[in-house]
1. Looking at segment 392-522, what % of its DSSP beta bridges pair antiparallel, to the nearest 5?
2. Per residue, how much accessible area does segment 233-389 show when a 1.4 Å probe rolls over the protein heavy atoms, in square angstrom?
3. Tell me, what is the 1.4 Å probe accessible area of ASP515, in Å² to the nearest 10?
4. Restricting to DSSP H runs of at least four residues, report the calculated mean residue ellipticity at 222 nm for the chain, -39500 (n - 2.57) per run over all residues, nearest 500 deg cm²/dmol.
5. For LYS42, list the aspartates and glutamates whose Cα falls under 13 Å from its own Cα; do not include residues on the same chain fewer than 8 positions away.
6. Distance between Cα centroids, segment 285-359 to segment 92-111: provide it in whole Å.
7. Per residue, how much accessible area does segment 70-186 show when a 1.4 Å probe rolls over the protein heavy atoms, in square angstrom?
8. Hey, with R₀ at 56 Å, roughly what FRET efficiency would ARG157 and SER406 work out to, going by the Cβ-Cβ distance, to 0.05?
Amino acid sequence: MTLLSASSLAVVFGAETLFQDITFTVMAGDRWGILGRNGSGKTTLMQIVTGARAPDRGSMARMSGLRIAVMDQYRDLGGEKTVWDAAALGFKSLFALEKDLARQADALGTAGDALTQAQLDKYSHDLERFEREGGYAAAARVDAVLAGLGFDPETARTRDVASLSGGERGRLALAGQLAAPADLLILDEPTNHLDIATARWLEEYLKGLDEAVLLISHDRAFLNAVADHVLHLEAKSASVYECGYAEFIEQRAERRMSAMRAFRKQDSKIAAEEDFIRRNIAGGNSAQAKGRRKRLERVPRLTPPPGEEGAMAVSFTAGDRGGDQVLAAEKLHVRMEGRTLLEPWSGILRRGDRVGLVGPNGAGKSTLLKVLLGERAPDGGSVRIMPATRVAYYRQDLGDVDPNKSLYDLIADRRAMWTRGQIQGHLGRFDFSGDSVLRRAGSLSGGERARVALALMMLADANLLVFDEPTNHLDVESIEALEDAIAGYDGSVLLVSHDRALLQQLATRIWAFEDGVLHDYPGRFEEWEADAGTRRTARLAAEAETKRRAAARAAAPPPKDASADDAKRRRARERALEEAEALVARHEAELMALEASLADPALYAGTDRGGVSTLTAARDAERRKLEEAMAAWEAAIAAVERN
């Protein structure tokens, strides 16, 4: 079933064409990745899809009654007061109908002889509509989406929207769009406020939907998992690829290569014809030359295929080699607003390390960076940045880009001896040219400010690069350029990112937050991710077992004729049993995770057996702890049963 069909769409601003000749068709169940450089017109195209604006040329046909749910970059929450109401915004009219049905049912029950056929018909019609539009499943759907995006559905019914952080508001807006009844879902950068685990949940959720999806995203791993069609905007038009993201990359390269061969072939043929015309226009072959000139004038000229023009030419150089140790933390402890973000932790960042710092939203990754760099005092322990270490820091809020200064002045402040041409040339590497170098930084878009921040980092000649979510405002081409620059850098890197493709390509070690504990994982991101999945499965199994034991204990009949003192003692023994069960579950989960790690063949592929010895020793120690916990648990059971 065709949901919408675009034909020869064009948008023009004055004398400037944003795009033209865009044609594509969206069928039910399609999942489209909408790709293109920042400023290529992706958001404008989605406005045409929804009917928020009309194209200047071409047409957009939509299925009659097409329901579209839109999540844009600005996160409109509809003015709702509670988190649950904001997530359920798409069902607002349906929930109002549910209340009206309850009112009608009461009226029917008390009407008696005054009951009319019109009342019965209206109730039947409204009830049929409520069922048809999924009224009975609506609340459960809202709960499921909220839970998947990290909210507690129960507390969401009373939690005020005003209490949410910026990241939580972003997740809530996404929840509202995912839960809303729709035929077509339009998502604009949905993973910007999601941690890695939540982004994976969203992948699975979207793949299981019957609705069609139009997805604007710079998250390559997310696109690769979700999209089965690609619309690529470039060179003021768009190309359709009926494939996923990975296949799109290959097909795009092949199309460009084919187009370049055709262009060069035509260019060579035209050059030969022009040479013949030039040599013979005034000679004995003048008539033939004139005939060729007329034919040549009618030949449609091919243009060279678009390449990577406009992508950043970013690179980083480590000025000084520095020592073997770049940064060292000793028993570091971090708290915020009465909550422990980091239990005492010791770790070392060494020369050449590229560490990926990962963890759930709110775990404290950005706060830890500030502590490590001396911008915030720790609540215990110490951090030492080695004397030879020079740091360049990309802030998530782009705070180093002074909004009141021009781009030219921002560079000149750091390179006072550079000529005007050198400053303009440096900014040109980041796609700023002409009068744009005189713009105030405060007038730039998020993507433009991100490029300026990287342009400033490039001047630091630092041997430690620290990045806090550097991909949030960049398009795919710019992310790839940044990835290449970091991969070619010979200093040390500390990287906070939710971009799994970036972490997979760059990180050689992982520092992972888990329940206030920072684990140092000596392997690549994909290895840590697989290991984390195993631990998560073990933890869920242990939690399920704890719940089963608690349910069994709750079902047991209470002892009869107990005095108040006996009841207190019994409750104390029950609490001891609960604590013993929790300890057993924790040690079981840890042991399962260690045994899964030791069963991984990749552990034995290298020549270094230190990791095997460490894990084996940890497993044996955990077995002893589990045995002790089991003995304590059995004793606690016996104490309760003796009661």
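1. Values: 6 of 14 bridges.
Antiparallel: roughly 45 percent of the beta bridges in segment 392-522.
2. Working: 9210 Å² over 157 residues.
Here the residues of segment 233-389 average 59 Å² of exposed surface.
3. Here the accessible area works out near 150 Å².
4. On the way: 20 runs with 305 residues, N = 643.
About -15500 deg cm²/dmol.
5. Hits, sequence-local ones excluded: ASP72, ASP188, GLU189, GLU234, ASP475.
6. With segment 285-359 and segment 92-111 each reduced to a Cα centre, they are spaced 58 Å.
7. Numbers: 6040 Å² over 117 residues.
Accessible area per residue: 52 Å².
8. Details: r = 50 Å, r/R0 = 0.89.
The calculated FRET efficiency here is 0.65.
The values are calculated or read from the model by the stated rules, or taken from the named source; none is laboratory data. A quick note: this is a predicted structure, and the numbers were derived from the prediction, not measured. Reconstructed Cβ throughout: ideal geometry from the backbone, glycine too, with neighbour counts over all protein chains shown. When the accessible area is computed, the model is the full protein with side chains, heavy atoms only, and any ligands, DNA or RNA have been set aside. Shrake-Rupley method; radii C 1.70, N 1.55, O 1.52, S 1.80 Å.
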